[in-house]
Amino acid sequence: MKITISHSSGHSSEDMKFLAETSKSHFVIMPSVISPVEYFLSGLIACSATDMIMLPKNGNYKISELQIIGEVVRNDSAPRKFNEIHLIYKFNSDSSDLIARRWVLSTLETYCSTVNTVRGVSKISFSIIHNGIEIASKNEIESGIISPVLTDIPEEIGGACNT
């Protein structure tokens, strides 16, 4: 994977506009509109959201009304790293609560590369609201520990956010 960031506006160092180029596309980053930290958190959540659409699809389930809310606590002073990340998964599906929980655990503990990049550096927790009912509240992910509930996931459920 290769990404190039170029300062894209004028010759003034005060112009805060950057062009991001990937092997697939390009986009403009304007820190005055969306900060790089917000892009980072959005990418982390979008990676997990991708898994949350693909995992049910791979198992012939339907998921709808997916919403993932990220709440972050950062250091007050530099470096302002993420100390805590809490992800709230809200969605409806035609699966059992156990399968729905497996999808969330699969993305957080195995498939989402961005989450697994900060795992062990930031405290990560999650809540799940499945079909309008809270089935998990502020459960923590332990760095390097795979949940026992994941040991019997069928092969067809597999992950999606590998690129």
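Of note:
- R0 of 22 Å, Cβ-Cβ distance L66-V28: FRET efficiency to nearest 0.05: 0.25
- Fully extending the segment from A78 to S96, taken as 0.36 nm per residue of separation minus the present Cα-Cα distance, adds 2.1 nm.
- Where labels lie 7 Å past Cα in the beta-carbon direction, separation of E134 and H7 in nm: 4.8
- Exposure proxy ranking for L41, L105, L19, L98, based on other Cβ atoms within 10 angstrom of each Cβ and starting from the fewest, stands as L98, L19, L41, L105.
- All lysines inside 27 Å of K17 as judged from Cα atoms, apart from same-chain residues fewer than 8 positions distant: K2, K81
- Sorting H130, H7, H86 from the fewest to the most surrounding beta carbons within 10 angstrom yields H7, H86, H130.
- Ranking of F40, F27 by neighbouring Cβ atoms within 10 Å, starting from the fewest: F27, F40.
Laboratory data are not the source of any read-out in this text; all were calculated from the coordinates shown. All figures in this text were calculated on a predicted structure; none of them were measured in a lab. Glycine also receives a Cβ, built like all others from the backbone with ideal geometry; neighbour counts cover every protein chain displayed.
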